[in-house]
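J.: Attaching a single structure in structure tokens format; questions to follow.
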Amino acid sequence: MFQFDTLSLVFVVLILLGAIPNLFYSFGYLPHIKRKTHYLIHYFGFIISMLGVVLASNALVFLFFWELMSLTSWQLILTEIESDKTIKAAKFYFFMTHFGFVFLLMFFLVVTNGNLDMNFAQMKEIASLFAYPSLLFFMLVLGFLSKAGAVPLHVWLPYAHPAAPSPVSALMSGVMLKVAIYGFARFLFDVLYPWPLEWGIFILIIGSVSALVGILYAMNENDIKALLANSSIENIGIILIAFGMGMIFDSLGLKTLSTFAFIAALFHVFNHMSFKSLLFMGAGSVLHQTHTKNMEKYGGLIKSMPITAITFLLAALCITALPPSNGFLSEWMVFQSLLGSTHIENMSLKLSIPFAVFALAMTGGLAIATFIKAYGITFLGLHRSTNAKHAHEVNFLMQSGMILMACVIISLMLFTPFYIAWFDKVFTEMGHISVYAKIFPKGIVNMYALSNNGGIVSPLILLGTLLATTFMMLFAYKVLHVKTRVYHTWGCGYKTSAKTQYSATGFAGPMRRFFSWLYKPHERLLKKNIGEHETKFSDANYAVHVKPLFEVSLYNSVAKLANILSYWIYRLAHFEQTRYAAMIFNLILTVLFSYRIFAHEFSWMTLLIEASVMAISVKVLIIGEKKAV
């Protein structure tokens, strides 16, 4: 019923590291939630369900806790239902999570032959006899990566995370998305291993596209929680890039490089859990005090909310992968994994890996710009609204949650060798080669990449140098008795005010124009008129609305097609009952024929006969004879 191998225990620790600081923060946030009983029941049910998913040892238990995780998180989104946007977000999330559940259920029905009490090890033998392993792989992709938020299955994140209470947003983005990564890794290794090269290339491309799309949309967001949700898509992409490289190296028999890439993926899973949880807590604290998610209404909060500002800054430095942060170390490992493929002679890899390198490099630069915007507009400058002007620091419990999560981040930075040794054990248990001794051949001071021309990084030396430089500057400041002069801010001759400082919309303007094909912005410039005449020197209100490309082009088109089909079926059911019954009969035939093709051996002759039978049945029973005019 439950298993306690190293992979499961690693993710149990991940969930606890994300949940314990969140508990402090959540109880501090609780007085501002109206439906407290509803919230607490589903909050604890959500945490228990995630633990159940990573400890489950058979399909039935796994599916039970997976569905419980989906339903409790859905109800948590509905905790505060004052607005229609929250209800819309909950509906969208409910649909997407059960879209993935359908594919997971189909996967388990195939690999267990309908016996859901079967454990994971027994599934491998059945899966190895299945005629279409790639079909099983895509069931896993649709089932787990729709929950993880990979492109193009990511569209629910910018709706659900902003709508949920901030502690829930931190848990969903920081922890729940990683539980989906666990499920994907668990069944790839336990059931579908070994895999062909093409699967790894597919995951690599999906990860690269997710990283780019996620950060590009985050860059343009003015809603601070939507910005963080889109950034989660980016970081899931980085994890999948490393995971895809691990799959590619394993397919080519490069076991050492494979383990290194998988460790990089797992390390970034932990890192993203820590700094994204803290970022959502910081965003929740700001929202709690200013009563808005619009960054254009923030500004100057570093003075009135110093604990929130400092912890948010720490998390922002880590998510932008600036040295010597833990985010830098895991992304350095991902880069080294990509660069370790230069000696491989394969045309598909020579196209896909350079694209991944480009995507990861561009993502890194855009992430820095995005979080300069998020931190600068929120905490620096002048107050942009009355609420921001009167904001103050959150209560002790909320501060405690943020400080504890900051400690988790610092532990990942300081004790990197310990974590990597633990991650190495995960993959050696799965039959991979241990690489810890090769990453740290001369002690824990230096980390070595495992490729032929790999680099070396010294996280402890970087951290020590940074701290030493900082203390030397502070010491010099005290010893030299540097005088501080307070004066008005110089605004290039203009009067400094909240309206003349940089805005979030203006900061993202160059990127929005450069990537207009992706954003497709609708720009509106509204001017004040006096007496039905436009004034020459009037104030103007400039607003930008960005269309989510995948939602508009893919999901809306699918919804329109579904409406057309449902209307056609409705007409058949109500006005042409004979043809409707015939259509149901042909649908049953299709299901039976498809089951035989997928579950048993494939035969072109049988397929041709069955297709002919279906065509005749459709012609005679549904289409019928054309009426003479």
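Just so you know, all these numbers are worked out from the coordinates, no wet-lab data involved. What you see is a predicted model, and the numbers here were worked out from it, not measured in a lab. Virtual Cβ from ideal backbone geometry, glycine too; neighbours counted across all protein chains shown.
J.: Give, rounded to the nearest 20 debye, the magnitude of the charge dipole that the chain has about its Cα centre when Lys and Arg contribute +1 at Cβ and Asp and Glu contribute -1 at Cβ.
T.: 1980 debye
J.: Let me ask something else. Please work out whether region 262-390 counts as rounded, prolate or oblate from its C-alpha gyration tensor, where a ≥ b ≥ c are the square roots of the eigenvalues and a/c under 1.5 means rounded, while otherwise a/b larger than b/c means prolate and anything else oblate?
T.: Prolate, because a/c is 1.5 or more and a/b exceeds b/c.
J.: Also, I was wondering about something else. Of the options 274, 167, 613, report the single residue whose Cα projects farthest towards the positive end of the charge dipole of the chain (beta-carbon charges: Lys, Arg +1; Asp, Glu -1).
T.: Of the listed residues, the answer is 167.
J.: Given the -39500 (n - 2.57) contribution per DSSP H run of 4+ residues, what per-residue ellipticity at 222 nm results for the chain, rounded to the nearest 500 deg cm²/dmol?
T.: After summing the helix terms and dividing by the residues of the chain, the value is -22500 deg cm²/dmol.
J.: Taking GluC sites (Glu not before Pro) as candidate sites, keep only those in a DSSP loop with at most 14 other Cβ atoms within 10 Å, then name the longest stretch of the chain containing none of them.
T.: Counting at most 14 other Cβ atoms within 10 Å as exposed, the longest clean stretch of the chain is 83-344.
J.: Apply the Karplus curve 6.51 cos²θ - 1.76 cosθ + 1.60, θ = phi - 60°, to the phi angles in region 325-331 and return the couplings in whole Hz, x for Gly and Pro.
T.: 5, 5, x, 4, 5, 5, 6
J.: Once you have a ≥ b ≥ c as the square roots of the Cα gyration tensor eigenvalues for region 316-448, tell me rounded if a/c is under 1.5, and otherwise prolate or oblate according to whether a/b is larger than b/c.
T.: Verdict is oblate for region 316-448.
J.: Would you mind checking the pairs 34/297; 350/560; 88/560 and listing those with alpha carbons more than 29 angstrom apart?
T.: 350/560
J.: As I understand it, the dipole of the chain uses +1 on the Cβ of Lys and Arg and -1 on the Cβ of Asp and Glu, about the Cα centre. Which of 120, 416, 555 lies farthest toward its positive end?
T.: Most positive-ward Cα: 555.
J.: What is the Cα centroid distance between region 301-316 and region 186-212, reported in whole angstrom?
T.: Using only Cα atoms, the two centres lie 38 Å from each other.
J.: Please give every one of the lysines within straight-line cross-link reach of residue 124, meaning a C-alpha to C-alpha distance under 27 Å, and leave out same-chain neighbours fewer than 8 residues apart.
T.: Straight-line reach from residue 124, under 27 Å: 147, 178, 255, 425.
J.: I've got another one for you. Could you pull out the trypsin sites (Lys or Arg not before Pro) across region 431-495 that fall in loop regions by DSSP (anything but H, G, I, E, B) with no more than 16 other Cβ atoms inside 10 Å?
T.: Taking region 431-495 and a limit of 16 other Cβ atoms within 10 Å, the loop trypsin sites (Lys or Arg not before Pro) found are 442, 483, 485, 495.
J.: To the nearest 20 debye, what is the magnitude of the charge dipole of region 361-501 about its Cα centre, counting +1 on the Cβ of each Lys and Arg and -1 on the Cβ of each Asp and Glu?
T.: 740 debye
J.: Could you work out how far helix 396-414 tilts from the main Cα principal axis of the chain, as a 0 to 90 degree angle to the nearest 10?
T.: 80 degrees
J.: Compute the separation of the alpha-carbon centres of region 473-520 and region 1-37 and state it in Å as a whole number.
T.: Here the two parts' Cα centres lie 38 Å apart.
J.: Then there is this: Looking at the chain, identify the longest residue range that excludes and avoids all chymotrypsin sites (Phe, Trp or Tyr not before Pro) in DSSP loops having at most 11 other Cβ atoms within 10 Å.
T.: Segment 5-486 is the longest.
J.: Students often get this wrong: which residues of region 286-329 have the backbone nitrogen under 14 Å from the point 7 angstrom along Cα-to-C-beta of residue 87?
T.: No residues fall inside that zone.
J.: On to the next question. On a 0 to 90° scale, report how tilted helix 133-148 is relative to the longest principal axis of the chain, with both axes built from alpha carbons and the result rounded to the nearest 10.
T.: 30 degrees
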